[in-house]
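To keep things clear, I will list the structure first and then write my remarks on it.
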Amino acid sequence: MGALFVAIAFFGLMALGMPVGFAIGVSGMIGILEMGPRFMQMAPDRVFAGLDLFPFLAMPFFILAGEIMNRSGITLGLVRLADALVGWMRGGMAHSNMVASVMFAGITGSATADAAAFGNTLVPAMEKAGYTRPYAAAVTAAGSIIGPTIPPSTLAIIYGSIMGVSIAGLFAAGILPGLLICGICMLVIALHAKKKNLPKGEGRPSFGIVIKALREGFLAALLPLFILGSILGGFATPTEAAAIAVAYALFVGGVIYRALTWKDLYEIAVRTTRITGVIFLIIASATILGWWMTFNRIPQAIATGLLSISDNPQIIIALILLLLLVIGLVMDINATLIILAPVLAPLTAQIGMEPVHAGIMIILALNISLMTPPVGACLFVLASVTGEKVESITKELWPFILAEVGILLVIAFWSDLTLFIPRLLGL
């Protein structure tokens, strides 16, 4: 009865509109009350223990670096570079959107940051060039999940921290899936090109234009290369690389571009604090709920239930993916990851999955949830910044969602592909 009451409390509070961090915390405390007063006294210590992980420091630094790059306009150079490379094709601006998402992913590691940045810049530009606003927003939403897949990824930092899995290994494993998502989405755009009569670019750019675009985007492109190189090469931890990224972004944006004012820095700090605070509140609250679930052996019950259906590893993987995609429809992905990772990771180990392979599979499944209704964060960000209805964006988004689910299946069932780069780097 206790588990049922906690579940009813959680979903009831969510239905009433309570923020997910508070809904998790309140339902977790209800469960702790049932465990007894002694456990209630231990709850504050558990909350701080859940946040007391050194790798978590990387998240606010990466978020701050991305905000600085956005505010200073450095990332516009990446957009111009992407346009010079692929903008000449039919549907060129949509292709540019995807390529720019790959470049931008190495800076922010956040899907909502990408969606907000491109929703304010590329969507109006695409609409002006002849694309419908819902289609432009759908392309942006589809590309936005590349951000938390290609490193640095905040979800990879959270998963690696709480599950004790190599964050560098997860970063390396996210590179190929991110590139595959870009490739499959560009294929969908190419298939739409004639059917939807997408606008065509002005022709192949000259060598001089490409060189100019490379020069303009060089400083922005150098940051993700530095982050990846320092982490994967073993020269810096993710936290150290994130801190240096902030210093680099401040130097380029403030000294070289001279595009940052004290007001900008204040607003950047406030926004970074808000985003980080929301994530950390969810983590702290989910620690309490996870503690209650562990005490009541709920993870073991879920694992036993799934294994009772079948002991075939492929079927178990399919059930895990279905569970993640369905729960992702109605829950925040950070909360879902923190609650379900301790449940699913031991199960994937039982069926013989490598920890890094299992982690990137779980992360990619949750990333897809960012663009699925009814609570897909990227959908609502784009609806907010573009003024378009969520329903209109979703209608144009379905081909991209199905294509990305196809990539998820490839990643889940083909471990050698997923682990190719981590193995190559000895991770």
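Annotations
- In this structure, residue 135 qualifies as of a type in the set (Phe, Trp, Tyr), over 26 Å from residue 160 (Cβ atoms) and in a helix (DSSP H, G or I).
- In region 341-353, the residues that are surrounded by fewer than 19 Cβ atoms within 10 Å (Cβ to Cβ) and closer than 21 Å to residue 156 by Cα: 342, 346, 349, 352
- Scanning region 1-16 for residues that are at pLDDT 75 or above and either acidic (Asp, Glu) or not in a helix (DSSP H, G or I) (or both) returns a single hit, 16.
- Within region 122-135, the set of residues being open to solvent by less than 30 Å² (accessible area, probe 1.4 Å) and touching a residue at least 60 places away in the same chain (Cβ under 8 Å) comprises 123, 131, 134, 135.
- Note on region 85-105: residues that are surrounded by fewer than 24 Cβ atoms within 10 Å (Cβ to Cβ), under 20 Å from residue 223 (Cα atoms) and at pLDDT below 75 total 1.
- Scanning region 402-418 for residues that are under 30 Å from residue 139 (Cβ atoms) and in contact with a His (Cβ under 9 Å, 6 or more places away or on another chain) turns up 411, 412, 418.
- Condition check for residue 166: modelled with pLDDT of 85 or more, surrounded by fewer than 20 Cβ atoms within 10 Å (Cβ to Cβ) and more than 22 Å from residue 406 (Cβ to Cβ): yes
- Filtered by the rule that a residue be of a type outside the set (D, E, K, R) and assigned to a loop (DSSP other than H, G, I, E, B), region 247-263 gives 257, 259, 260, 261.
- Top-ranked residue in region 20-55 [being open to solvent by 30 Å² or more (accessible area, probe 1.4 Å) and touching a Leu at 6+ places or on another chain (Cβ under 8 Å); ranked as modelled with the lowest pLDDT]: 40
- No other residue among 278, 252, 270, 246 is in contact (Cβ under 8 Å) with a residue 40 or more places away in the chain, open to solvent by less than 50 Å² (accessible area, probe 1.4 Å) and under 27 Å from residue 338 (Cα atoms) apart from 246.
- Residue tally, condition out of contact with any Leu (no Cβ under 8 Å at 6 or more places or on another chain), open to solvent by less than 60 Å² (accessible area, probe 1.4 Å) and under 14 Å from residue 78 (Cα atoms), over region 207-236: 3
The values are calculated or read from the model by the stated rules, or taken from the named source; none is laboratory data. What you are looking at is a predicted structure, and each value in this text was computed from that prediction instead of being measured. Reconstructed Cβ throughout: ideal geometry from the backbone, glycine too, with neighbour counts over all protein chains shown. What goes into the accessible areas is simple: the full protein's heavy atoms, side chains included, and nothing from ligands, DNA or RNA. Shrake-Rupley method; radii C 1.70, N 1.55, O 1.52, S 1.80 Å.
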